[in-house]
Amino acid sequence: MCQFLTYARILDPASKYGTYDKLDTYYEKPQVEYQHMIRFLDILDRNSDQYLKHLFDNSENIVKRDTSVMYYDCTNYFFETEKPDEEIVDEVTGEIILGPRQFGISKENKTSPIVEMGLIMDRRGIPISMCIHPGNTNEQLTAVPLEKEVIKMTGNKKFIYCADAGLGSYNIRKFNDMGGRAYIVTQSVKKLGQEIKDIVFNDSNYRLLSNDDAITLKEMRTFNKKDANNLSLYNDFAYKVIPANTAMDTGLYEEKVYKNGRTKKVKAKGTLHQYIIVTFSRKMMEYQRTIRERQLERAKKLLRLKDPEKIKKGPNDIRRFLKNTSSDTANYVLDMDKIHEEEKYDGFYAVATNLDDSAKDILAVAQNRYKIEDCFRIMKTNFDARPVFLRKPERIRAHFLICYTALLIYRLMECKLDDNLTHVTTSNLIKTLRNMNVVNMDDMYYKSIYSGSQALDALERCFELQLNRKYYRPSDLNKIVKKFSK
């Protein structure tokens with residue numbers, strides 16, 4: 001049952017009933033009742049830990065896994081329901097268990113309940129494991145428990161934890177500073193203490209990432225980019241390595257747990273030996289200023305509004321550039337101090353790490369974080385992970401396990417193609433798979449109703465399934481099905 005639910009998620013994503021309704025379109029024509037499909041979701045959820053380990057162990061037989069770096073991130077899926085799941089009290093332990101659909105912070109700014117997914121992947125962009133939490137769960141509390149599961153799964157292998165700033169709290173860094181592990185996490189320059197900020201904006205000790213030549217921020221900001229001789233400099237980065245133990249105020253907080261079970265963020269007091277690698281890019285500075293100029297044009301249009309309730313500032317919207325200069329009336333103007341303060345950070349990017357490796361190698365690892373965002377995009381866009389037409393918590397979790405399995409299969413296929421020196425885009429590969437249909441010709445033979453393509457040729461060279469023919473005998477297809485079942 002699991003294989004057909006996974007196939008359907010890749011080839012024709014639909015509701016579970018929609019998948020059941022189309023089972024007869026598969027060559028094998030599985031004889032499964034709808035209730036059996038739904039009950040399978042309950043079984044899958046109960047055995048999720050063993051299932052995830054099974055997937056990881058067997059994926060090693062297909063593609064060589066590189067677990068030297070593990071990337072972690074979280075995303076949310078919203079549900080078409082107006083109320084969250086009710087709390088359930090465990091009759092034995094008295095523990096309050098929240099249903100997965102809860103109100104939480106969503107990037108889409110929707111008011112619907114959401115479910116949170118955590119995903120961890122290896123250096124090649126192949127998923128290793130996942131977790132599902134209620135939508136109101138603090139994502140910083142999800143990283144360490146999942147890491148502990150992965151440590152057991154991989155046999156306690158050492159690795160580098162890599163994540164963005166939202167998943168790089170003091171507790172997470174401290175955990176990955178033990179057991180031979182390491183971390184590379186994005187560091188917000190704005191949240192650094194003033195002592196370190198002064199070092200960041202100081203012109204001394206900056207070097208070019210490409211050749212380690214000395215350079216200043218002033219030179220990076222003022223060189224003539226139209227000069228062809230400066231093209232390499234325009235694409236280069238200036239960097240500086242700053243020793244920054246926690247005692248120097250890196251803007252980190254840790255979760256303090258009180259006796260009543262409540263948690264509170266407090267300033268981290270422990271000592272954590274780490275470095276902050278700060279980079280500056282002229283290209284990034286100009287890009288950020290172009291974006292801000294567009295935002296300012298939109299902010300100027302809002303100045304016509306006099307209702308202060310309609311001008312609530314947010315951390316990332318254009319209304320943050322407006323301020324009221326009168327305590328009695330609505331007299332809004334551009335907040336030039338705010339604008340100039342933001343401009344100070346244009347072009348800067350930073351990561352924090354406890355590694356002693358070269359800045360170039362560390363930044364190269366951090367730059368691969370885009371692959372985990374790409375994983376989420378594939379699940380949401382290509383595999384239609386939502387909307388979810390399920391209500392029970394165990395079935396919702398099982399649904400995302402199926403989506404995870406589909407993603408894993410796709411990534412393994414992609415890496416297998418890359419190992420054979422063939423790269424196929426996501427859209428081309430999935431489109432090719434979805435078009436590969438055959439029709440029964442009077443029970444004598446099958447005729448393919450798809451045409452050849454570069455993606456199909458790449459798949460054939462890699463997997464040798466002989467799927468690039470026009471006609472097939474039933475025995476031919478039976479051999480292919482048997483090969484898939486191994």
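The values are calculated or read from the model by the stated rules, or taken from the named source; none is laboratory data. None of the values given here were measured: they were computed from a predicted structure. Backbone-built Cβ (ideal geometry, glycine too); neighbour counts: all protein chains shown.
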**Asked** What number of residues within segment 17-35 are over 30 Å from ASP476 (Cα atoms) and out of contact with any Phe, Trp or Tyr (no Cβ under 7 Å at 6 or more places or on another chain)?
**Response** 1
**Message:** Testing GLY166 on (1) buried (at least 22 other Cβ atoms within 10 Å of the Cβ); (2) of a type outside the set (A, V, I, L, M); (3) within 16 Å of the chain's Cα centre (by Cα), one condition comes back false. Which one is that?
**Reply:** (1)
**Request:** Give the residue that is nearest to PHE223 (Cα to Cα), with candidates limited to residues of segment 279-296 that are in contact (Cβ under 8 Å) with a residue 24 or more places away in the chain and of a type in the set (S, T, N, Q).
**Result:** SER281
**Request:** Of all residues in segment 129-155, count the ones that are in a strand (DSSP E or B) and touching a helix residue (DSSP H, G or I) at 6+ places or on another chain (Cβ under 7 Å).
**Result:** 4
**Complete:** Just one listed residue, out of THR353, THR405, is polar (S, T, N, Q), under 30 Å from ASP12 (Cβ atoms) and surrounded by 17 or more Cβ atoms within 10 Å (Cβ to Cβ), and it is THR405
**Asked** What is the number of the single condition among (1) more than 22 Å from LYS482 (Cα to Cα); (2) in contact (Cβ under 8 Å) with a residue 60 or more places away in the chain; (3) touching a helix residue (DSSP H, G or I) at 6+ places or on another chain (Cβ under 8 Å) that ILE10 does not meet?
**Response** (1)
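Quick grid of which residues meet (1) part of a loop (DSSP other than H, G, I, E, B); (2) surrounded by fewer than 12 Cβ atoms within 10 Å (Cβ to Cβ); (3) in the same structural domain as LEU363 (by TED's automatic domain parsing); (4) modelled with pLDDT of 95 or more:
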| residue | (1), (2), (3), (4) |
| --- | --- |
| LYS197 | no, no, yes, no |
| ASN205 | yes, no, yes, no |
| ASP236 | yes, no, yes, yes |
| ALA247 | no, no, yes, no |
| LYS259 | yes, yes, yes, no |
**Fill in**
Selection from segment 421-464 of residues closer than 19 Å to PHE484 by Cβ and not in a helix (DSSP H, G or I) yields MET436, ASN437, VAL438, TYR446, SER448, TYR450, GLU464
**Prompt:** Just a yes or no: is a residue in segment 101-114 among the aromatic types (Phe, Trp, Tyr), farther than 21 Å from ASP45 by Cα and assigned to a strand (DSSP E or B)?
**Reply:** no
**Segments classed as strands (runs of 3 or more DSSP E), wholly inside segment 295-355, with at least 2 members that are modelled with pLDDT under 90 and out of contact with any Asp or Glu (no Cβ under 9 Å at 6 or more places or on another chain)** = 332-334
**Item:** Test: SER59 is over 18 Å from ILE172 (Cβ atoms), of a type in the set (Ser, Thr, Tyr) and at pLDDT below 85
**Value:** no
**Item:** Scope segment 434-459; condition hydroxyl-bearing (Ser, Thr, Tyr) and touching a strand residue (DSSP E or B) at 6+ places or on another chain (Cβ under 9 Å); matching residues
**Value:** TYR445, TYR446, SER448, TYR450
**Every residue from segment 419-453 that is over 14 Å from LEU467 (Cβ atoms) and under 36 Å from the mean Cα position of the chain (by Cα)** = ASP419, ASN420, LEU421, THR422, HIS423, VAL424, THR425, THR426, SER427, ASN428, ILE430, LYS431
**Item:** Residue satisfying all of: in segment 415-445; acidic (Asp, Glu) and either loosely packed, with under 14 Cβ neighbours inside 10 Å or touching a residue at least 40 places away in the same chain (Cβ under 8 Å) (or both); nearest to ILE372 (Cα to Cα) among these
**Value:** ASP419
**Request:** Given the conditions (1) of a type in the set (Lys, Arg); (2) in contact with a strand residue (DSSP E or B) (Cβ under 8 Å, 6 or more places away or on another chain); (3) under 26 Å from SER169 (Cβ atoms), report the number of the one that ARG377 does not fulfil.
**Result:** (2)
**Fill in**
Flagged in segment 1-46 as in a loop (DSSP other than H, G, I, E, B) and either of a type in the set (A, V, I, L, M) or more than 28 Å from the chain's Cα centre (by Cα) (or both), in numbering order, are MET1, ALA14, LYS22, TYR26, TYR27, GLU28, LYS29, PRO30, GLN31, VAL32, GLU33
**Prompt:** How many residues does segment 100-119 contain that are among the β-branched types (Val, Ile, Thr) and either surrounded by fewer than 17 Cβ atoms within 10 Å (Cβ to Cβ) or farther than 24 Å from LEU407 by Cα (or both)?
**Reply:** 2
**Prompt:** Out of segment 48-97, which residues are of a type in the set (Ser, Thr, Tyr), surrounded by 18 or more Cβ atoms within 10 Å (Cβ to Cβ) and part of a loop (DSSP other than H, G, I, E, B)?
**Reply:** THR67
**Message:** Here are the criteria: (1) charged (D, E, K, R); (2) in contact with a Leu (Cβ under 7 Å, 6 or more places away or on another chain); (3) within 23 Å of ALA163 (Cα to Cα). Tell me which single one ASP346 does not satisfy.
**Reply:** (2)
